[in-house]
Amino acid sequence: MEAGRRSSTKPVQSLKPTKTVSVDEDLTKASDALPLPLHLSNAFFFTLFFSAVYFLLSHWREKIRTSTPLSVVTFSEIIAILAFVASFIYLLGFFGIDFVQSLILRPQTEVWNSEDDDEVADVLLRKEDARKVPCGQALDCSLPPLPPPAPIVTVQKVLDEKPVTVLTEEDEEIIKSVVAGTTPSYSLESKLGDCKRAAAIRREALQRLTGKSLEGLPLDGFDYESILGQCCEMPVGYVQIPVGIAGPLLINGREYSVPMATTEGCLVASTNRGCKAIHLSGGATSTLLRDGMTRAPVVRFGTAKRAADLKLYLEDPDNFDTLAVVFNRSSRFGRLQGIKCAIAGKNLYLRFTCTTGDAMGMNMVSKGVQNVLDFLQTDFPDMDVMGISGNFCSDKKPAAVNWIEGRGKSVVCEAIIKGDVVRKVLKTTVESLVELNMLKNLTGSAMAGALGGFNAHASNIVTAVYIATGQDPAQNVESSHCITMMEAVNDGKDLHISVTMPSIEVGTVGGGTQLASQSACLNLLGVKGASKESAGANSRMLAAVVAGAVLAGELSLMSALAAGQLVKSHMKYNRSNKDVSKASS
Ligand code: ADP
């Protein structure tokens, strides 16, 4: 009983201390009537109450039996009546007032208790989050039971308790020497042997040198050892990019939750809607057409004739096996597939293509190419190697060679979207999608002289997935080459949509893929690290996911355009009130 009484006042106490203390202090409790422990007071008054009642009833019964008037009251009866009244008041005070208080005070307590409000909001959020399917898809689905909220609390706690780097007096000396130019900033890691400390010192020196604050660019909470010598030099912090999830994306009978790192509002929501349309239509099919990373050195001869001699030598099938053996020595995974040559006068460009297992493969192919160039030097001593990369590769630049020949993974991904789904989910019609695709992605891009840009926004999806999964985001240039085709099928009822992407450059080992966050995103897709079944299976699967996500993105954006929704949805997701007020101020 006491526990119950206490709990009724506790929430007030926790939120409004001043108010509650006074309420608690002013409240004269019935149990204060006797200087006894509460349970003894209660027992005493209970006994008194029932004894008085029993005594009075038995006396009055006796009076009625002997025909004595009830108005004749004896002294013992007066005592019993007083005992009855006293115990009644006590019991009423104990139970009754609390009961009345609980009725009157409870609504007030709830108004005060903002924690309760948060809890309600939390429950609603969890209800939203608990949906098995993406938000668009969940519109017509029932809600599964709520998961326990504990992990959210734990994550928050860990973040709150993150240690903050504190600079020591010794650090102060090093900062001064970096500012003075006596200690080179780049040498801090090797000098200190502590990458985090090096970053903190460099950051502070930079702020002093520039007079500009880096507040807002976090330093703590990142493993600086993990990027040393391979991902980023001279770090001073890290940029945070939110990761959203689109999906499940159903490709080749398997579901994927696609992580997208982006700050572009609408993008994830839109891709998610495309995933839903694909899922409801039975999924997409992705086919790998080619898998080979390229590197093209440029070599120069004294004459064009000598350059042509080497071209003919390299293209002779009889020489291929020897060259492949030399090339393949560079790695367990790099396997030479072919060499394509192009001549410009005395200069020869040799485009080597090789498989690279689960690595994106730039390092691997470069090593193999170096082996071959060294080998060729024996038969062609007059060959000058001008550059290990001569741009015929072609890496991170728009180039027809990638569009036509492919680079990395060449993938075609297709789906038949049911007419019903086009109407209900995409809010448009098959006919208007096909027409818009022809006018925009094909004719419009032709008018613009596009190179591989026969799509609505493939690079949006490619880049977001690349950043989330640790790919090289600069390769979005050629990785986003894509032609989107749409056609009415099944007597015009349904939509056949496909994306053909000849140069998706992805890997699941090497580069940024081993960093903690990126690795977590690869893990979510089930393609983390080297494939245990067969070398290259993970990176090929990742390429299929990229193409599938592009398919979803194309479907959704084209539908939004067709339905005239583009401006409306951007206003909703991309321009928060906060931004607008900031911009106006
Ligand atoms: P890239 O060639 O994409 O730049 P890296 O050279 O950084 O990539 O990473 C490839 C490294 O990973 C190579 O040393 C290679 O031997 C190793 N590796 C381990 N497993 C695999 C695999 N399944 N596929 C490709 N490379 C692998």
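The values are calculated or read from the model by the stated rules, or taken from the named source; none is laboratory data. Since the model is a prediction, treat every value here as computed from it, not as a measurement. Cβ placement follows ideal geometry from the backbone for every residue including glycine, while neighbour counts extend to all protein chains displayed. The accessibility values were calculated without ligands, DNA or RNA, using every heavy atom of the protein model including side chains. Shrake-Rupley method; radii C 1.70, N 1.55, O 1.52, S 1.80 Å.
For first residues located in region 42-63 and over 12 Å from Phe84 (Cβ atoms), partners that are of a type in the set (S, T, N, Q) and open to solvent by less than 40 Å² (accessible area, probe 1.4 Å) and lie 6+ apart or on another chain with Cβ distances below 8 Å form the pairs Asn42/Ser31; Phe46/Ser87.
When Val298 is tested against (1) within 20 Å of Ala544 (Cα to Cα); (2) out of contact with any Pro (no Cβ under 6 Å at 6 or more places or on another chain), just one condition goes unmet, and that condition is (1). Within region 489-498, the presence of at least one residue that is of a type in the set (Asp, Glu), at pLDDT 95 or above and over 22 Å from Met364 (Cβ atoms) is confirmed.
Restricting region 443-462 to residues that are more than 13 Å from Met501 (Cβ to Cβ) and polar (S, T, N, Q), the residue that is surrounded by the most Cβ atoms within 10 Å (Cβ to Cβ) is Asn460.
Would you mind listing the helices (runs of 4 or more DSSP H) fully within region 153-213 where at least 2 residues are of a type in the set (Gly, Ala, Ser), open to solvent by 90 Å² or more (accessible area, probe 1.4 Å) and at pLDDT 95 or above? Of the helices (runs of 4 or more DSSP H) lying wholly inside region 153-213, none has at least 2 residues that are of a type in the set (Gly, Ala, Ser), open to solvent by 90 Å² or more (accessible area, probe 1.4 Å) and at pLDDT 95 or above. Residues in region 481-508 that are farther than 30 Å from Lys424 by Cβ and more than 16 Å from the ligand (Cβ to nearest atom): 2 in all.
If you go through region 353-404 and keep only what is open to solvent by 20 Å² or more (accessible area, probe 1.4 Å) and among the charged types (D, E, K, R), you end up with Lys367, Asp374, Asp379, Asp382, Asp384, Asp395, Lys396, Lys397. A Cβ distance below 8 Å, combined with a sequence gap of six or more or placement on separate chains, defines the contacts here; from region 517-546, residues that are more than 11 Å from Ala468 (Cβ to Cβ) reach residues that are in a loop (DSSP other than H, G, I, E, B) and aromatic (Phe, Trp, Tyr) in the pairs Ala535/Phe333; Gly536/Phe333. Against the criterion of being within 29 Å of Ala359 (Cβ to Cβ) and either in contact with a Gly (Cβ under 6 Å, 6 or more places away or on another chain) or open to solvent by less than 10 Å² (accessible area, probe 1.4 Å) (or both), Ser479 qualifies. Among the residues making up region 65-78, those that are at pLDDT below 85 and either among the aliphatic types (A, V, I, L, M) or touching a Leu at 6+ places or on another chain (Cβ under 6 Å) (or both) are Leu70, Val72, Val73.
Results for (1) assigned by the TED database to the domain that holds Cys413; (2) open to solvent by less than 10 Å² (accessible area, probe 1.4 Å); (3) away from the ligand (no atom under 11 Å from the Cβ), shown as yes or no for each residue.
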site	(1), (2), (3)
Gly512	yes, no, no
Leu524	yes, no, yes
Ala535	yes, no, no
Ala547	yes, yes, yes
Leu555	yes, yes, yes
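Residues of region 340-347 include at least one that is among the small types (Gly, Ala, Ser), in contact with a helix residue (DSSP H, G or I) (Cβ under 6 Å, 6 or more places away or on another chain), surrounded by fewer than 22 Cβ atoms within 10 Å (Cβ to Cβ) and closer than 18 Å to Phe392 by Cβ.
The rows are residues; the columns are (1) open to solvent by less than 60 Å² (accessible area, probe 1.4 Å); (2) farther than 28 Å from Thr356 by Cβ; (3) touching a residue at least 24 places away in the same chain (Cβ under 8 Å); (4) touching a helix residue (DSSP H, G or I) at 6+ places or on another chain (Cβ under 7 Å).
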position	(1), (2), (3), (4)
Arg273	yes, yes, yes, yes
Ala277	yes, yes, yes, yes
Leu280	no, yes, yes, yes
Leu288	no, no, yes, yes
Gly292	yes, no, yes, no
Ala296	yes, no, yes, no
Ala308	yes, yes, yes, no
Leu312	no, no, no, no
Phe320	yes, no, no, no
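Where helices (runs of 4 or more DSSP H) sit wholly within region 428-504, those with at least 3 residues that are farther than 19 Å from Ala400 by Cβ occupy 430-437, 458-469.
Quick check on region 413-432. Is at least one of its residues open to solvent by less than 70 Å² (accessible area, probe 1.4 Å) and without any contact (Cβ under 8 Å) to a residue 12 or more places away in the chain? Among the residues of region 413-432, not one is open to solvent by less than 70 Å² (accessible area, probe 1.4 Å) and without any contact (Cβ under 8 Å) to a residue 12 or more places away in the chain, which makes the answer no.
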